[in-house]
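Comments concern the structure below.
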Amino acid sequence: MSVFYRKSLKLPVKPLKSVRLTDFSRGMSRKKDENILPLSYAALAYNYAVGDGALRDGLGLSAFAYGGRPMDGIEGETIERVWHYRKYDRDNNRPDDRLAVYCASGKVYARPLLHDGDFQEIGGLHYTEPPAAINYRLYGEDVLIFCAGSESMSVWDGENPPRAVPDSPRITSMDIHYERLFATVEDEKRQVWFSDDLDPTNWDLTLENAGFIEMADERGALLKVVSFLDYVYVFREYGISRMSASGSQEEFSVSQLFVSSGRIRPDTIAVCGDRILFMADDGLYAFNGLYAEHILDHMKTMFAGLGNDSAAAVYCSSKYYLACRFDYGDGEQVGCEAQEGYVNNTVMELDLSSMCCCLTRGVDVRHLAAVRAGEAAVLCACAEGRLAVADDGGAVFGQPLKKLWRTPSTDFGTDKIKVLKYISLRTAAALGVTVESEEERKTIAVSGGAGVQRVRVNLKGRVIGVSFESDGCNTRISAPILHFDLI
């Protein structure tokens, strides 16, 4: 009897296809429909920092402290504004800078910035609305000038009671230009006032002292004055005017530069090196002294048209920070959004060198200021009635913020049915990976650790999207690869 053995044939295993998400730094885009958006953008992202291409903890806020001791609040008060008062102690030959804050009660407080000390009320200052404040060297003394539309000017030297200037106009915004104080005023919305040369407390209206210029045209009320590139720029409701204001009053002149289709938000105007950034109803602009152009067009649908009357901004360490209200359109409630009465829900951080933009969602920040303590400038914020400093910890006063990065829904370039087999990635901390198609949805918990991790998925569909979610800190997610098969 003969026995025959058949050699088994080894059929080749069809390799899986893969798509690598190599770089997260392009951030989020809402300019195109999600179904045609490249995977290099996010369809929705917040509370992650993406500057180096990985997903890391985004901007956080921690209590302002000195020497490890929190100095972030005043008992019984709600902090709404903060300023850096730059002062030099000539007697002891050292800086004696202060932090000054305005509270909802109308009171103003100050405390040392460079050494220990508590907030102390500045007697004689009380405002029914948030004032403006500016540093000036008056008669050899470093002073802080306060102005509000409902009150006359007050000058504080850091030691003595503030000195009122009763004949000053009711100033709503101000800036120093060639040793004059230029200002917009409450009573005359179409006039720019300017003080005497070398004396911002002299408002005697003569050709030798103070004066004003009227601007009556279609650009609307005057909102804010800014000294920039040898000119005074006057930001108005619907445009920008430029004043040449060096020399004597007779040589002052005005030219009109820009008309906006949307109303400009005055507290978002910030000089950022060689340009000025500001928000209007129709988006975010960069102004170079002659022309204004839209920037971040791919995100403007999230904040344009929302009013944003309480939006505020500042320039700090080569970045533009904007506190405002965003519409994320996902129905979620993150951080302050779960509370009644919040005004802003987002702080946007825009790196002006790379134009990389990150969003911190769930924080109600009412005011921002750049404070220089030593060599570095730090970002201070008024949030939850407290004084905070920005960090990269991804938490607000110790409470981590929910983080999300969601890819566009994609068909991977083919209308065939796909099976997403697994996702490989590196992650330092635990996270959740949610995968969704038109047929099913799965969320997989992933533990953090060293090396590449393989997340088994086995989800079927023609169009697939992936989300990376985290509720903790110490996040670092990089180099995810989607491995799939075609049916």
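Considering only the range 337-348, I want to know if a residue exists there that is out of contact with any Leu (no Cβ under 8 Å at 6 or more places or on another chain), hydrophobic (A, V, I, L, M, F, W, C), surrounded by fewer than 18 Cβ atoms within 10 Å (Cβ to Cβ) and over 25 Å from Ala132 (Cα atoms).
Within the range 337-348 (the criterion being out of contact with any Leu (no Cβ under 8 Å at 6 or more places or on another chain), hydrophobic (A, V, I, L, M, F, W, C), surrounded by fewer than 18 Cβ atoms within 10 Å (Cβ to Cβ) and over 25 Å from Ala132 (Cα atoms)), the answer is yes, since at least one residue qualifies.
Quick check on the range 64-73. Is at least one of its residues touching an Asp or Glu at 6+ places or on another chain (Cβ under 9 Å), of a type in the set (A, V, I, L, M, F, W, C), open to solvent by less than 20 Å² (accessible area, probe 1.4 Å) and not in a strand (DSSP E or B)?
Checking the range 64-73: at least one residue is touching an Asp or Glu at 6+ places or on another chain (Cβ under 9 Å), of a type in the set (A, V, I, L, M, F, W, C), open to solvent by less than 20 Å² (accessible area, probe 1.4 Å) and not in a strand (DSSP E or B).
Of the residues Arg406, Arg366, which is farther than 30 Å from Glu439 by Cα, among the basic types (Lys, Arg) and open to solvent by 50 Å² or more (accessible area, probe 1.4 Å)?
The match here is Arg366.
With the requirement that a residue be in contact (Cβ under 8 Å) with a residue 40 or more places away in the chain and charged (D, E, K, R), what does the range 434-475 give you?
Those that are in contact (Cβ under 8 Å) with a residue 40 or more places away in the chain and charged (D, E, K, R): Lys460, Arg462, Glu469, Asp471.
For the range 398-418, what are the residues that are among the β-branched types (Val, Ile, Thr), part of a loop (DSSP other than H, G, I, E, B) and closer than 22 Å to Ala42 by Cβ?
Result: Thr407, single match.
Within the range 196-218, is there a residue that is part of a strand (DSSP E or B), among the hydroxyl-bearing types (Ser, Thr, Tyr) and either within 28 Å of Val254 (Cβ to Cβ) or at pLDDT 95 or above (or both)?
No, because not a single residue in the range 196-218 is part of a strand (DSSP E or B), among the hydroxyl-bearing types (Ser, Thr, Tyr) and either within 28 Å of Val254 (Cβ to Cβ) or at pLDDT 95 or above (or both).
For the range 178-192, state whether one or more residues are assigned to a strand (DSSP E or B), open to solvent by 30 Å² or more (accessible area, probe 1.4 Å) and out of contact with any His (no Cβ under 6 Å at 6 or more places or on another chain).
no
Within the range 428-487, which residues are outside any strand (DSSP E or B), within 31 Å of the chain's Cα centre (by Cα) and of a type in the set (S, T, N, Q)?
Selection gives Asn474, Thr475.
If a residue must be touching a residue at least 24 places away in the same chain (Cβ under 8 Å) and over 19 Å from Pro131 (Cβ atoms), how many such residues does the range 158-180 contain?
Of the residues in that region, 3 qualify.
Which members of the range 1-18 meet the condition of being among the hydrophobic types (A, V, I, L, M, F, W, C), open to solvent by 100 Å² or more (accessible area, probe 1.4 Å) and modelled with pLDDT of 55 or more?
Hit for the range 1-18 is Val13, nothing else.
Within the range 87-106, take every residue that is surrounded by fewer than 17 Cβ atoms within 10 Å (Cβ to Cβ) and touching a residue at least 24 places away in the same chain (Cβ under 8 Å) and give me the one that is farthest from Ala383 (Cα to Cα).
Filtering the range 87-106 for residues that are surrounded by fewer than 17 Cβ atoms within 10 Å (Cβ to Cβ) and touching a residue at least 24 places away in the same chain (Cβ under 8 Å), the one farthest from Ala383 (Cα to Cα) comes out as Tyr88.
For every residue, the table says whether it meets (1) open to solvent by 10 Å² or more (accessible area, probe 1.4 Å); (2) of a type in the set (Val, Ile, Thr); (3) under 26 Å from Asp197 (Cα atoms).
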| site | (1), (2), (3) |
| --- | --- |
| Ala210 | no, no, yes |
| Glu218 | yes, no, no |
| Leu229 | yes, no, yes |
| Val234 | no, yes, yes |
| Ala245 | no, no, yes |
| Val259 | yes, yes, no |
| Gly262 | no, no, no |
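Looking at (1) over 17 Å from Lys402 (Cβ atoms); (2) outside any loop (DSSP other than H, G, I, E, B), which one does Glu340 not meet, given that it meets all the others?
Status for Glu340: all satisfied but (2).
Specify the residue that is least open to solvent (accessible area, probe 1.4 Å); the eligible residues are those in the range 19-35 that are out of contact with any Pro (no Cβ under 8 Å at 6 or more places or on another chain) and not in a loop (DSSP other than H, G, I, E, B).
This residue is Met28.
If Lys319 meets every condition in (1) modelled with pLDDT of 95 or more; (2) open to solvent by less than 40 Å² (accessible area, probe 1.4 Å); (3) not aromatic (Phe, Trp, Tyr) apart from one, which number is that one?
The single condition Lys319 does not satisfy is (2).
From the set of residues in the range 288-303 that are open to solvent by 30 Å² or more (accessible area, probe 1.4 Å) and not in a helix (DSSP H, G or I), which is nearest to Phe228 (Cα to Cα)?
Ranking the qualifying residues of the range 288-303, first place goes to Asn288.
Out of the residues in the range 369-395 meeting the condition of being over 20 Å from Arg98 (Cβ atoms) and open to solvent by less than 10 Å² (accessible area, probe 1.4 Å), tell me which one is modelled with the lowest pLDDT.
In this case the residue turns out to be Gly394.
Go through the range 92-109 and count every residue that is assigned to a strand (DSSP E or B) and not charged (D, E, K, R).
Qualifying residue count, the range 92-109: 8.
Would the range 132-141 turn up any residue that is aromatic (Phe, Trp, Tyr), assigned to a strand (DSSP E or B) and either farther than 24 Å from Ala369 by Cβ or open to solvent by less than 10 Å² (accessible area, probe 1.4 Å) (or both)?
Looking through the range 132-141, none of the residues is aromatic (Phe, Trp, Tyr), assigned to a strand (DSSP E or B) and either farther than 24 Å from Ala369 by Cβ or open to solvent by less than 10 Å² (accessible area, probe 1.4 Å) (or both).
Please specify each residue of the range 193-202 satisfying the condition of being open to solvent by 10 Å² or more (accessible area, probe 1.4 Å) and touching a strand residue (DSSP E or B) at 6+ places or on another chain (Cβ under 7 Å).
Listed by number, the residues that qualify are Trp193, Asp196, Asp197, Thr201, Asn202.
Residue-by-condition table, conditions (1) at positive phi; (2) touching a residue at least 40 places away in the same chain (Cβ under 8 Å):
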{"site": "Phe326", "(1), (2)": "no, no"}
{"site": "Gly331", "(1), (2)": "yes, no"}
{"site": "Val334", "(1), (2)": "no, yes"}
{"site": "Arg361", "(1), (2)": "no, yes"}
{"site": "Cys380", "(1), (2)": "no, yes"}
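Say we look at the range 271-285 and pick out the residues that are open to solvent by 10 Å² or more (accessible area, probe 1.4 Å) and touching a strand residue (DSSP E or B) at 6+ places or on another chain (Cβ under 6 Å); which of these is farthest from Met174 (Cα to Cα)?
Ranking the candidates gives Tyr285 first.
Among the residues of the range 144-154, how many are open to solvent by 10 Å² or more (accessible area, probe 1.4 Å) and modelled with pLDDT of 95 or more?
Looking only at that region, the number is 1.
The values are calculated or read from the model by the stated rules, or taken from the named source; none is laboratory data. Computed from a predicted model, the values in this text were never measured in an experiment. For neighbour counting, all protein chains shown are included, and Cβ atoms are generated from backbone atoms with ideal geometry for every residue, glycine included. Heads up: the accessible areas ignore ligands, DNA and RNA and are worked out on the full protein's heavy atoms, side chains in. Shrake-Rupley method; radii C 1.70, N 1.55, O 1.52, S 1.80 Å.
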